[in-house]
Structure formats: C-alpha cells, structure tokens
1. Using the structure shown, decide if A:V265 is among the β-branched types (V, I, T), outside any helix (DSSP H, G or I), under 20 Å from B:K16 (Cα atoms) and within 11 Å of another protein chain (Cβ to nearest Cβ).
2. Report whether or not A:V298 is more than 14 Å from chain B (Cβ to nearest Cβ), outside any helix (DSSP H, G or I) and among the β-branched types (V, I, T).
3. Return yes or no: is A:T498 within 14 Å of another protein chain (Cβ to nearest Cβ) and in a helix (DSSP H, G or I)?
4. Filter region A:113-141 for residues that are surrounded by fewer than 20 Cβ atoms within 10 Å (Cβ to Cβ) and within 11 Å of A:V201 (Cα to Cα) and give the result.
5. Applying the selection to region A:512-543, what residues are charged (D, E, K, R) and either crowded, with 21+ Cβ neighbours inside 10 Å or within 17 Å of A:K40 (Cα to Cα) (or both)?
6. Quick one: which helices (runs of 4 or more DSSP H) lie wholly within region B:1-90 and hold at least 2 residues that are surrounded by fewer than 18 Cβ atoms within 10 Å (Cβ to Cβ) and among the basic types (K, R)?
7. Restricting the search to region A:375-430, which residues are in a helix (DSSP H, G or I) and hydrophobic (A, V, I, L, M, F, W, C)?
8. Going by what's in this entry, would A:Y31 be described as closer than 14 Å to A:I111 by Cα, buried (at least 17 other Cβ atoms within 10 Å of the Cβ) and either modelled with pLDDT under 95 or of a type in the set (S, T, Y) (or both)?
Amino acid sequence: MYGLIGRLLRVNLTTGAVTEEAISESMAKKYFGGRGLGTKIYMDEVAKDTDVFSPDNKLILMTGPLTGTFATSAGRLMWITKAPLTGTIGCANSGGEFGPELKFAGFDGVIFEGKAEKPVFLYVNNGKVELRSAEDLWGKTVPDTTDQLVAATDPDAKVCCIGPAGENRVLFAGIMNEKNRAAGRGGLGAVMGSKNLKAVVVRGTGGIKVADNAGFLAACTEARDKLKAHPVTGAGLGAYGTEILVNIINASGGLPINNWRDGAVDRNADDISGETLVEKYLVRNKGCFGCSMACGRVTKVKDGPYKSAGEGPEYEAAWALGSSCGINDLAAICKVNFLCNEYGMDPITLGSTFACAMEMFDKGLLNVEEMGGNLVFGDAASIVEFATKTAKREGFGDKLADGSYRLAESYGVPELSMSVKKQEMPAYDGRSLQGMGLEYATSNRGGCHVRGYLTSPEILGLPVKMDPLVTEGKAAMLKIFQDLTAVVDSIGLCLFTTFGIGLPEIANMLRTCTGWDLTDEEILATGDRIWNMEKLYNLGQGFTKTDDTLPPRLLHEPLPEGPAKGKVCELDDMLPEYYNLRGWDKDGVPAKAKLTELGL
Amino acid sequence: MIVKYFAYFRKDAGCKEETLLLAPLSVLELLNKLSEIHGQRLRKRLLTADQTEIHPDVIFLIDGRNIDFIDGKDTMVSQDAIVSLFPRVAGG
C-alpha cells in the first residue's frame, strides 16, 4: 500500500496482548484514514450501547495516507471514540510530529481496548511494541510526563499523553502530544484515563512509500507554492497566529461577551488580540511537521502575578477565557492556557464553563460560599485558581469538570449553557455569522468550529464572499465545507491548508501519493460518506432533529448592538434546506437511497 | 471619522487608529487619502497598482459591515463612521 503503511496495532489493555493487523486497501480507499477509517473501525467494533468509560469501549489513534509525507502541513493524527462530553461520535485531531513518527515506526494507527489494571504506557520503537508500567507517572502533568518518558526511552521519541484532567475524567480532558499540541475537544482524554493508559511513546526511522514519486513531488510543490503565496497561509498565520481573529471577528460584531449574554462587541478586544500577543508575549512562532505556515505561538509572561511560559493561546481559547468571561488580562489568559496544556484540558470548554458559572452567580444561583471562591465576570485571578481546581476536581471544580451543560442543568437552567449537544460553541456568534450558527447546530461532535468553517466565506471572503448576515446559500456552502473537512481530517492534512488550496490540489496530492484512481468528485463524496457515517452513529445514540439546534439565547435574544443589531440566528430558514441537500428526510435522517449511493 | 488599523497595517500606518476630519467621501477616495497621509508602503497594501481598485487582500469594514455587501469601493463613508482595515489574515 502507498501512503498508508498498511498496518495497525491492536492493544488489549486488560490482557496486555499486542497484535498487528493489516489494513485492507479497499477499506482504506473507501474511508482514507484518520477520522474516516478510525470512525469506521470504531463503529464496526463497539456496540452502540457501550458506556463511554467501560472497558468494552475502544479508543482509536489513526493517521492518514498523507501524514508524515512530503505533503505540506501533513502532520495530523486523529483520536476517535465516543465523546464523554457529548455522547456523540468523538474525534479530535492534533498536529506536531507524533503522527508522522508513528508511521515512521511502522504503524498507521493503534486500537486500544480493555482497561489496564494499573497505569501503563505503550512504547513503539521501529516495529517493536511493549506495554510498560506508568505507575510512577500517574498524577504528573503533561510536561513532566513527557520529559520523564523521553528520558526513559529515546531522546528523539515523541510522546502523547494525558495529564491529571484525563486521569480524573474531566469531561473535557484532551490528549496532548509533544507537551503543547492538543486533541482537545470532547473529553477523549478522560477515555484514555479510564483505561489507565497514561501515554503512548513512539520512535521511528522508517519511511513511507508513495505511488508516484515525481507526480507527488510536483503536486506537493504546487500546493506549497500556493500556500506560500496566499496572504493567509503565507504571511498572516505565521506572523500573528490564530489569535489574529480577535479584532476582525469583534469588528464584525461576532465576538460573544459575558457568556453570549451582553452582545458580541468587546470594547477591550484589542487587549487580548493577536497583535497584542505578538507585542507583549511572543517569543517565537512554531510549526508542526512539514508546515510552512508555523502558526504556533511560543509565549512567555515575563513578570507579574501570572509569570509563566508555554504555548498559545489560540484564538478560541483566548476568547473563551477572555471575552466570554469579561476578562481582558492577556497575561492571565496565557497563564490559564498554559495550565490547560499542563493538565491536559480543553480551554474552550473550560472558559465557557467559567462564563456559565459567572452568569449563574450574577443570577444568584451560585454564591461565593458554595463555589469556595469568586467566579465573577472580569475577575482574572479567579480563572487561574479554578483551572487547577477543575483539573483536580477539587471542591466546586468537581462540578465545573463536567462542563457547562451539566453544571447549568443541575441548577435547572440548562439554557445558560452556550453549547450544542452539550459541547460549548466557540468564539463566533451565530447571530452575526448566520452560517456558523447552522454549522454549530449540525456538527456531528456538538458545538465546534472546525467541522465546516463558514467564517472563511462569511468574514474572510474565502473561497467566495458571503454576507454573514444573510442565510441564503449557507446550507449548500456548509455541506461542501463539511465534506471537504472530513476528507482533510481523514488524509492527515491540516485544515488550515484549505485557506490557500482547495479540492483540486488536495486531490492531486492524495492520488499521486496513494495511486488511487479517484476523481475529485469521488474524493469529495468520500467526505459525504464519512459525514453520513458519523450521523448514523449519533442517530444510534438517540440524537434526533431536536438536538440539531442552538441555545435559546441565539434563537430568541437579538444582539443589542453592532452590525448584527436586532438579529437572531435564523436556523429555521437554513436547516430544512440543509437536510434536503444532504439527502436526509425532514427529521434529519439519511434516506435509504442516500446511504445506498454512499455505500453505507 | 475614526480609522482603525489591524495586523501589519498598523506598522504601515504608524498607528493603531486615527481620527480624521473629512467630508463624506467614497471608500476609494478614502483609501487614496490614507495613502497620501501615510505613504507608499500603505498605498501598496491598500490599492491596486493603478490605484483604481481596492487591493484584493484588504477587508474594509464600515461600522462592522463589509463594503463588499454595501456598494464596494463606491460606498460612501460618513463623517461619524468607524472604519476598520484588515489584511486578509485568519486563524480558527
């Protein structure tokens, strides 16, 4: 096989048995790898009524055919299981160098099943595989775990691990690699923790075969040249990182403040912006494997109460911990972001859960005594304090660790959770970006911005200009974005490449790499197949049309100011058309003919 | 009117924002005016070489609305408008 190595590891943590399995090429051609192939394996092997923390649940690590190749920005890996936060299919991806290293070590992915009696880590070194004790690592942070494992194995090893948040089953614990890269959303780190699996360590020096060396080189060079020449992927992301979005989303009236309660114009937005991050705290930028964009931020707060160092924050994290909490202290936001990386925790859900608690405090539903502290809008010190309490499930942190929906629901006010399918929406108000509202409502993993990023046409005019305030055309564009994103997530490419290149360039790299005779249309149809497969999983978990919605606030509370003043999200205008374009019935269920067409 | 600059436009303009006392004028006229004030470097960022079109990599907002969805370069900018100028940069 080309692109993919063609081999998977199966690790039974209960028995300690490790076996190797071949990947069938016909299956790979149908689902590619990463998100697609990983979800297919998961759905084939795990009964739909399996409890997320049961030993019968499985956790799958999967790379794609382009991962680790010369293709630009192809360093992605994907983790797949049921998501503890949402109960939907859970898949979260990450960059860095771990994914390529796994392939260099001889494997495309790993299927973890069962539960270890005591904490363990998996060590893969050029085809040799062993489970080792991690008892001395349990309780340690991500950086400490990583350093200790590198010292114990190989100085060039790459480490993927959970921190205390995953061990404590925080429902939004992430799986971290190389200390600061995160498969962040949905709580997959809690599944890893439930299996007593602390880490995966890989070291490899092998290669990856491609079908057409000259053709692949030409395709990759063409894509790389286009990315370098593009203003977003060539200059912008490297210079300012994702945080550059703070000001433009705010100026467009789409940056939600104070738990989305008080509008979407933050008068202090510039204090937490990408420009300010560069001016005050940026040490250098950093790229993932084979990436020319280098959007990562190595940052340092040199002095003051939040003196610390690490990486980030990304735009959505800065918003969640900043504007959504009424906080404009970027040093404090950096500090909490660093803590999230150290504990292995999603800063989007964390910040949004803080914001929900702050509004509950405003309404008199929570008090200082009950919280054991002061979680109020604008109090930067409190989010530092409660980040640690949440990761350790200490005191009120135990409630915060279950996310905003369960917190608000336990007090009878679930409407104060700004979430979809119990996962918090990030950073783009669906009242001022109508297409993003539809995107959140239909995302297969709950409130999420990277399943069909309509911010691109609505704000940036890429690849076409679409008025953010209108609903017309959004359903059709979203379907294309969702399908293409499923492809990108399944072949191992970074989603950010799609700012600068499109389906033709991506398809050309995939074809020349794998040798698969797939047309552009067939490749995009594979994205459609993956999307429908995920939808079928969610339907099997009991999700219905009533879950394809938004918090009441976005549907019924008009924005008070800004360019979208008076607007709510007109979801009812878009959802029926979206279902129709997908070939689903009026209840959002895929028609039999559609499933037959997709080979599902 | 208030003109706000973002990302590397700040370096080109030498400021984060400025208040200008100008009679109502079109977007294209305003960009030419800003180029006169701040010089060639900003002009190259904001306008095409013949100075008759807005550079395709400029996002121009008036009170938060993208001029692409008003009247483009012919959109009139009032005296009390807040103008935001962004290069086409992104994240997510």
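1. On the way: among the β-branched types (V, I, T): yes; outside any helix (DSSP H, G or I): yes; under 20 Å from B:K16 (Cα atoms): yes; within 11 Å of another protein chain (Cβ to nearest Cβ): yes.
Judged against the criteria, A:V265 is a match.
2. So A:V298 passes the test.
3. Yes; evaluated as a whole, the condition is true for this residue.
4. Within region A:113-141, A:N125, A:V129, A:E130, A:L131, A:R132 qualify.
5. A:D528, A:R529, A:E534, A:K535
6. Numbers: elements: B:9-13, B:27-38, B:40-46.
Output list reads B:9-13, B:40-46.
7. Just the residues of region A:375-430 that are in a helix (DSSP H, G or I), to begin with: A:380-391, A:397-400, A:403-410, A:414-416.
Within region A:375-430, A:A380, A:A381, A:I383, A:V384, A:F386, A:A387, A:A391, A:L400, A:L407, A:A408, A:L416 qualify.
8. Here the answer is no, as A:Y31 does not meet what is asked.
The values are calculated or read from the model by the stated rules, or taken from the named source; none is laboratory data. If you're wondering where the values come from, they're calculated on a predicted model, not measured in any experiment. For neighbour counting, all protein chains shown are included, and Cβ atoms are generated from backbone atoms with ideal geometry for every residue, glycine included.
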